[in-house]
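> Let me begin by handing over the structure; questions about it come next.
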Amino acid sequence: MPEPVFQPLPTVPDHPGLEEEILAWWEERETFRKLREQNRGGPIFSFFDGPVTANKTLAVHTAWGRTLKDVFQRYKALRGYDQRYQNGFDCQGLWIEVGVERELGLNSKREIEEYGLEEFARRCRDVVVWSSRELMRGSKRLGQWMDWGNDYYTFSDTNIEYVWRMLKRVHEQKWLYLGHRSTEWCPRCGTSLSQHELTQSGVYQERADPSLYVRLPLRDRALESLVVWTTTPWTLPANVAAAVNPTAEYGRRTNGEWVAVARYPGESFAERKPGSELVGWRYTGPFDTLAPGAAVEHRVIEWGEVTLDEGTGIVHIAPGCGGEDFELGNREGLPILTPVDEAGRFYDEYGWLHGLSTVEAADQIVGNLGERGLLVEAGLYEHRYPHCWRCDTPLIFRIADDWFIWVRDLRQPMLDANATVEWTPQYMGKRMDDWLRNMGDWNISRRRYYGLPLPFYPCACGHLNVIGSRAELEERALGGLEQLEELRRPWIDRVPVRCEQCGEAVERVKEVGDVWLDAGIVPFSTLGWQNPEWIPEGYATGAARGLTHADLPDHSYWERWFPADWVSEMREQIRLWFYSQLFMSVVLTGRAPFRQVLGYEKMLDETGREMHGSWGNMITAEEAFARMGADVMRWQYCAQPPDRNLLFGFGPAEQIKRELLTFWNSVNVFVIYANVDSFSPSWSQLEPASELQPLDRWLIERTHAFVRDAETSYEAYMSVDVMRTYVDYVDDLSNWYIRRSRSRFWKGERAALETLWYAVVQTLRVMAPILPFLTDHLWRNVVLDGPESVHLSGWPEVPEPDRALLAEIADVRRVVTLAHQARAASGLKLRQPLRRLVVEGAPGVEAHVRELADEVRVKAVEFAPVEAELLVKPNLPVLGPRLGTELRAVQQALQAGEFEELEGGRFRVAGRELEPDEVLVERSGREGSAVASADGVTVALDTELDDELRLEGRGYDLIRQVNSLRKEQGLDLTDRIVLTLPETEAELVARHGDWIKDEVLAVEIRLDSGLRIEKASSGE
Ligand SMILES: [Zn+2]
Ligand SMILES: [Zn+2]
């Protein structure tokens, strides 16, 4: 036996095993470096990586996005594009802080300060160092090719300086201001949150809060009271007014309680008044027993926004504890009581409440109201309530001073910039527009520690100094430079500067910046915008020093790579990273920072639930690598339509593994027969050179169509369409071409082997971006003298395929499928030959009668109208939403048989035309035939059997039986056998003996008792 040309393949690939092997081989051969060298100087494809927060190991959620990024970068690389491949890490902000706080067991800001900010900052950096290594390791295992080691870290001093520069510009435009307003506040984190932080998934959670109906006695109407409703008891001590809708009707119950009449339709009232007449009534506040409440004169005010959907129609107003209340309070000139401090605890002047959290206070407040007879009713109320995205604490409203960027002048330029961006899916672009139309001023300050230090130095003289760079800071510093390790707290807080207005020393505000400032500046800070000279390792400054070797390029580099051709992140980034990038880019350049965006929805578990560590349904990336392999994960990610949630799991992974076998087996067929025939194809002769049969020519065309269609889908960033195209193609390859060519492979027909090799090689190239491991593993086996890696082989250049021919064969396959359906409905086995097939409505198929007869196993194929009764029903899930109330008329007409059949499977009914997918068509044939129909094609299978057909059917059964015996006995494909059959099969042997011998490789058939096979000795 000569050495096999190709390595025999195992029946099932070991994905994790072969992936580890390929990873090592890429490393050893420096495949990625070679790819980048190969593409150097090629056209530019600019991609910006959205930074991943460096506080964790790689999760399967993150691996989804990383896969999509890698897939399209690999595709562009196959097409010869020069790329940057810079990966990014988000390194500051609450996410990082919380991990450290938990690790150190710190529970409040006071404890952090006691622990020491310097040490705290170092611990935060340690988290980033650990996590960025873990994320890199996981991403490499996933197969992601990035310029690891030249990553950007948003806590680099350089990154910080670029944000400073942007903020200075904002200040020069007079868009920066210190706002005094009511904002969502996390009592645990002790900071306000911005509007866009509240849009992240998981912020709004179902929660049961107390539901209280509270009586407020009226001062000037004896024994009468107002009843208000609240779900936030802690706000009652801050009550200053009660609001009514002036146009609504209010009624007094016999017990003296005033409520909106519409809220209690069943009740009778002793007195009724419009809301406008209640305005001005004075009442005793719910907590006038405490000093702050006692100082306020409580009265009824009017407010058009009071709805009659819930509560009593009388609304408790506490301007110090709610956004709308605050605005209303400003308008009405109401006093503002702020009951809780930064940590959400009651101030001292609230007497017995002092020091309690808002949650702790609730019980005491309820109890106290009850004792004083002010509680009408207490229960629980389920609602969706915002929580801190970082620590999960329910948020409260608090009045605070925060730094804002005024957005009015930016709104239209940002909308204009977004209009230049192509969004996939399109609706995400519209969401961005909606967001921009409604965005409020950007609250950029956080009262925290490990974040971008806001470079604001307000002076007592009234002047606000804003520092725009480290150089400027050094120039204006009045000391503290020698200890300035990083542009970060606490070091930076020890550097006062000189006020440019009055010359006095001024200190920095204590606030740090919103993390989205850090990420949004990336298109400038990493590309060297306005940087005069290229600085090697110039990005590796501050905390990033020692972690990366990234250069700070010069401005010409920025001009080359800005804007990005493409960016991709999860949908929620519309209001986060996509937004902050767009914002900063419009501030600095007036342009959008990207041309095309691919967004995608959420990941859930395979049953459609959110994944949570505590629910036991969380899958770690490590687990997924070990149990399914990276290629299978990547398939799962890529097959996902981006506009729907991905249901990720091991169940779908098993399905994918089975589906992957179709192609694996196709390659295996090639390997086996090429080895038998010592066929050794050459990369220099990729296209078949032998004289081809029609079926070969079809496969070549079919392959070209696959390449072209996949190309279109990749260009549209629709990996789901690449996967659909691939699955259809592999089905044609395996279940049509290979199945119909087995005998030719067996005979070692060169044209068939060459054609199959061509198909395999082109498929590997097309699928390399999505399945980088499997394709390279197979490539190394089947391509003997070409590029050493499929990733270095370039994108296949193919001519436009013969679409007419492909449509013909697609019709043949459709007819075959219908014939199989008809046969299955009649209960006849696939192996049983039949007399006749009648086909209606697929004219192109007439040229392929022989293949058709063979496939369907009939003696004759005729083209004629099929006599059948036609039953058409509406496909309700599709048609219902489209037709609405008109559905009924259509349904009745169909039932009465009042319709006309049109071409292409369409129908005219009740003056409308229905598409093939809008109807369900059933046909029943006449006696002795089975009918099936779809998309305007109908087939009728003659189901009557005679003795001759039965005998032939027995022959097929026998061949199958013998071939499975061969397998069971472990015979090689090429082994010849001696077949022994029972004497009862004498007629079968007499009539069909030669055919059976051919099919089972028998040299002889003997008649004896029972069925058995033996390997024939050679020479026999
Ligand atoms: Zn929090
Ligand atoms: Zn000053």
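The values are calculated or read from the model by the stated rules, or taken from the named source; none is laboratory data. As the structure is a prediction and not an experimental result, all values here were calculated from the model. All Cβ positions, even for glycine, are placed from backbone atoms using ideal geometry, and neighbour counts span all protein chains on display. Just the protein is used for accessible areas: all its heavy atoms, side chains included, with ligands, DNA and RNA removed. Shrake-Rupley method; radii C 1.70, N 1.55, O 1.52, S 1.80 Å.
> How many residues does region 494-543 contain that are part of a loop (DSSP other than H, G, I, E, B), within 16 Å of ligand 2 (Cβ to nearest atom) and basic (Lys, Arg)?
Residues flagged as part of a loop (DSSP other than H, G, I, E, B), within 16 Å of ligand 2 (Cβ to nearest atom) and basic (Lys, Arg) within region 494-543 amount to 1.
> Which strands (runs of 3 or more DSSP E) does region 883-954 wholly contain that include 3 or more residues that are touching a residue at least 60 places away in the same chain (Cβ under 8 Å)? Even if it seems obvious, please write down each step before you answer.
Values: elements: 899-901, 907-909, 912-914, 919-925, 929-934, 937-942.
Those strands (runs of 3 or more DSSP E) span 929-934, 937-942.
> Would you please list the contacts, defined by Cβ atoms under 8 Å and residues six or more apart or on different chains, that run from a residue in region 338-358 that is at positive phi and modelled with pLDDT under 95 to a residue that is open to solvent by 50 Å² or more (accessible area, probe 1.4 Å) and of a type in the set (Lys, Arg)?
From residues that are at positive phi and modelled with pLDDT under 95, the pairs are GLY344/ARG188; GLY355/ARG345.
> Still on this structure, please answer the following. Output the residues belonging to region 24-46 that are over 14 Å from GLU788 (Cα atoms), among the hydrophobic types (A, V, I, L, M, F, W, C) and buried (at least 17 other Cβ atoms within 10 Å of the Cβ). So that I can check it myself, show each step before the final result.
To start, the set of residues in region 24-46 that are over 14 Å from GLU788 (Cα atoms) comprises 24, 36-37, 39-46.
Retained after the next criterion (residues that are among the hydrophobic types (A, V, I, L, M, F, W, C)): 24, 44-45.
Result: PHE45, single match.
> Right, something else. Can you pull out every residue in region 308-331 that is open to solvent by 70 Å² or more (accessible area, probe 1.4 Å) and either touching a residue at least 60 places away in the same chain (Cβ under 8 Å) or of a type in the set (D, E, K, R) (or both)?
Those that are open to solvent by 70 Å² or more (accessible area, probe 1.4 Å) and either touching a residue at least 60 places away in the same chain (Cβ under 8 Å) or of a type in the set (D, E, K, R) (or both): ASP309, GLU310, GLU324, GLU327, ARG331.
> What about VAL163, is it surrounded by 16 or more Cβ atoms within 10 Å (Cβ to Cβ), over 29 Å from TRP529 (Cα atoms) and away from ligand 1 (no atom under 16 Å from the Cβ)?
In short, no.
> Take ARG739 and tell me if it is open to solvent by 40 Å² or more (accessible area, probe 1.4 Å) and closer than 25 Å to THR974 by Cα. Walk me through how you get there before you give the answer.
Values: open to solvent by 40 Å² or more (accessible area, probe 1.4 Å): yes; closer than 25 Å to THR974 by Cα: yes.
Answer is yes for this residue.
> Something else: Taking into account only those residues within region 459-492 that are open to solvent by less than 30 Å² (accessible area, probe 1.4 Å) and assigned to a helix (DSSP H, G or I), which is farthest from ligand 2 (Cβ to nearest atom)?
Applying the filter and picking the extreme gives TRP491.
> Among the residues of region 255-305, write down those that are under 20 Å from ARG372 (Cα atoms) and of a type in the set (A, V, I, L, M, F, W, C).
Scanning region 255-305 gives TRP258, PHE287, LEU290, ALA291, ALA294, ALA295, VAL296.
> Still on this model: Restricting region 366-396 to residues that are of a type in the set (Lys, Arg) and modelled with pLDDT of 90 or more, which is surrounded by the fewest Cβ atoms within 10 Å (Cβ to Cβ)?
ARG384
> Something else: Of these, ARG169, ARG133, which one is under 30 Å from PRO772 (Cβ atoms), of a type outside the set (S, T, N, Q) and surrounded by fewer than 21 Cβ atoms within 10 Å (Cβ to Cβ)?
ARG133 is the lone residue from the list that is under 30 Å from PRO772 (Cβ atoms), of a type outside the set (S, T, N, Q) and surrounded by fewer than 21 Cβ atoms within 10 Å (Cβ to Cβ).
> If I ask for residues that are in contact (Cβ under 8 Å) with a residue 40 or more places away in the chain, buried (at least 16 other Cβ atoms within 10 Å of the Cβ) and of a type in the set (A, V, I, L, M, F, W, C), which ones from region 975-1001 would you list?
Step one: of region 975-1001, the residues in contact (Cβ under 8 Å) with a residue 40 or more places away in the chain are 975-976, 978, 991-992, 995-996, 999-1000.
If we keep only those that are buried (at least 16 other Cβ atoms within 10 Å of the Cβ) too, we end up with 976, 978, 992, 996, 999-1000.
Result: VAL978, ILE996, VAL1000.
> For the structure I just gave you, tell me whether ALA759 is part of a helix (DSSP H, G or I) and touching a Lys or Arg at 6+ places or on another chain (Cβ under 6 Å). So that I can check it myself, show each step before the final result.
On the way: part of a helix (DSSP H, G or I): yes; touching a Lys or Arg at 6+ places or on another chain (Cβ under 6 Å): no.
So ALA759 does not fit the description; no.
> Here's another thing I want to ask about it. What are the residues in region 283-303 that are open to solvent by 60 Å² or more (accessible area, probe 1.4 Å) and in a loop (DSSP other than H, G, I, E, B), if any?
Within region 283-303, THR289, ALA295, GLU297 meet the criteria.
> Given the criterion away from ligand 2 (no atom under 16 Å from the Cβ) and at pLDDT 95 or above, identify the matching residue among PRO265, PRO237, PRO210.
Going through PRO265, PRO237, PRO210 in turn, just one is away from ligand 2 (no atom under 16 Å from the Cβ) and at pLDDT 95 or above: PRO237.
> Evaluate the following for THR393: is it of a type in the set (S, T, N, Q) and either more than 16 Å from ligand 1 (Cβ to nearest atom) or closer than 14 Å to PRO210 by Cβ (or both)?
Judged against the criteria, THR393 is not a match.
> What residue, of ASP363, ASP409, is open to solvent by 80 Å² or more (accessible area, probe 1.4 Å) and either away from ligand 1 (no atom under 16 Å from the Cβ) or among the hydrophobic types (A, V, I, L, M, F, W, C) (or both)? Write out each step before concluding.
Values: ASP409 fails: open to solvent by 80 Å² or more (accessible area, probe 1.4 Å).
None of the others qualify; the one that does is ASP363.
> Condition first: in a loop (DSSP other than H, G, I, E, B), farther than 19 Å from GLU305 by Cα and under 54 Å from the mean Cα position of the chain (by Cα). Now tell me which residues in region 246-282 satisfy that.
Correct list: TYR264, PRO265, GLY266, GLU267.
> Go through GLY370, GLY379 for me and flag whichever is without any contact (Cβ under 8 Å) to a residue 60 or more places away in the chain and among the small types (Gly, Ala, Ser).
Numbers: GLY379 fails: without any contact (Cβ under 8 Å) to a residue 60 or more places away in the chain.
The match here is GLY370.
> Here are ARG110, ARG102, ARG123: which of them is modelled with pLDDT of 95 or more and open to solvent by 20 Å² or more (accessible area, probe 1.4 Å)?
Working: ARG110 fails: modelled with pLDDT of 95 or more; ARG102 fails: modelled with pLDDT of 95 or more.
That would be ARG123, the only listed residue that is modelled with pLDDT of 95 or more and open to solvent by 20 Å² or more (accessible area, probe 1.4 Å).
> Let me ask another. Given region 548-642, what strands (runs of 3 or more DSSP E) lie entirely inside it while holding 2 or more residues that are modelled with pLDDT of 95 or more, in contact with an Asp or Glu (Cβ under 7 Å, 6 or more places away or on another chain) and open to solvent by 10 Å² or more (accessible area, probe 1.4 Å)?
594-600
> Can you pull out the residues in region 512-546 that are surrounded by fewer than 21 Cβ atoms within 10 Å (Cβ to Cβ) and either of a type in the set (Ser, Thr, Tyr) or within 16 Å of ligand 1 (Cβ to nearest atom) (or both)?
none
> Taking the condition without any contact (Cβ under 8 Å) to a residue 40 or more places away in the chain and either in a loop (DSSP other than H, G, I, E, B) or crowded, with 16+ Cβ neighbours inside 10 Å (or both), does LYS76 pass?
Criteria met by LYS76.
> Quick one: in region 188-218, which of the residues that are open to solvent by 10 Å² or more (accessible area, probe 1.4 Å) and over 32 Å from the mean Cα position of the chain (by Cα) is nearest to ligand 1 (Cβ to nearest atom)?
Among residues in region 188-218 that are open to solvent by 10 Å² or more (accessible area, probe 1.4 Å) and over 32 Å from the mean Cα position of the chain (by Cα), the one nearest to ligand 1 (Cβ to nearest atom) is ASP209.
> Still on this structure: Report, ordered by the first and then the second residue, all pairs with beta carbons closer than 8 Å, sequence separation of six or more or different chains, a first member in region 388-404 that is within 14 Å of SER194 (Cα to Cα), and a second member that is among the basic types (Lys, Arg) and within 14 Å of ligand 1 (Cβ to nearest atom).
CYS388/ARG188
> Does region 430-450 hold any residues that are small (Gly, Ala, Ser) and surrounded by fewer than 19 Cβ atoms within 10 Å (Cβ to Cβ), and which are they?
GLY440
> Can you find, within region 221-248, the residue that is surrounded by the fewest Cβ atoms within 10 Å (Cβ to Cβ) among those that are touching a strand residue (DSSP E or B) at 6+ places or on another chain (Cβ under 6 Å) and over 26 Å from ASP363 (Cα atoms)?
PRO246
> Residues in region 146-160 that are surrounded by 24 or more Cβ atoms within 10 Å (Cβ to Cβ) and farther than 15 Å from LEU527 by Cα: how many?
1
> Scan region 834-856 residue by residue and report those that are closer than 21 Å to ARG926 by Cα, open to solvent by 20 Å² or more (accessible area, probe 1.4 Å) and out of contact with any Asp or Glu (no Cβ under 6 Å at 6 or more places or on another chain).
If the condition is that a residue be closer than 21 Å to ARG926 by Cα, open to solvent by 20 Å² or more (accessible area, probe 1.4 Å) and out of contact with any Asp or Glu (no Cβ under 6 Å at 6 or more places or on another chain), then GLU840, GLY841 are the ones that fit.
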